[in-house]
């Protein structure tokens with residue numbers, strides 16, 4: 001066998017032995033669903049996941065949640081922060097609104113989570129503004 005043939009046989013043998021693991025189908029979606037589940041654990045209401053990647057460069061997904069008091073909005077936000085940190089080793093790039101507690105935004109880059117009080121959610125109307133985005137089914141456990 002020539003050196004070239006030996007090399008080709010070695011490459012072919014190596015290729016047959018190597019198992020290629022495909023990338024996660026959608027790591028951003030997995031993070032969005034986990035954040036939504038964390039909100040559900042704190043009794044967040046009307047939880048929506050919007051796939052905005054096709055219509056915006058801002059993020060891949062929005063998670064939108066309603067809380068009914070400033071304390072609940074903060075508890076939902078804390079639960080989402082803990083889930084992202086513990087399960088994904090992720091911290092938000094930025095957080096807005098924690099002091100006021102009527103609308104808290106957590107920006108993870110590819111996922112942006114919004115936790116609103118009802119009046120703020122209605123006022124900002126993100127679902128209407130991003131109405132052309134695909135809604136991702138989310139089954140709340142509660």
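What follows is calculated from the coordinates using simple rules that are stated; it is not laboratory data. Bear in mind the structure is a predicted one, so any value in this text is a computation, not a measurement.
Overview of results
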{"item": "Gained length - residue 26 relative to residue 132, 0.36 nm times residue gap less alpha-carbon distance", "result": "36.1 nm"}
{"item": "Radius, Kirkwood style, for the stretch 70-140 when every pair of distinct Cα atoms is counted (Å)", "result": "13.1"}
{"item": "Alpha-carbon Rg/Rh ratio, for the stretch 25-136, with Rh computed the Kirkwood way", "result": "0.93"}
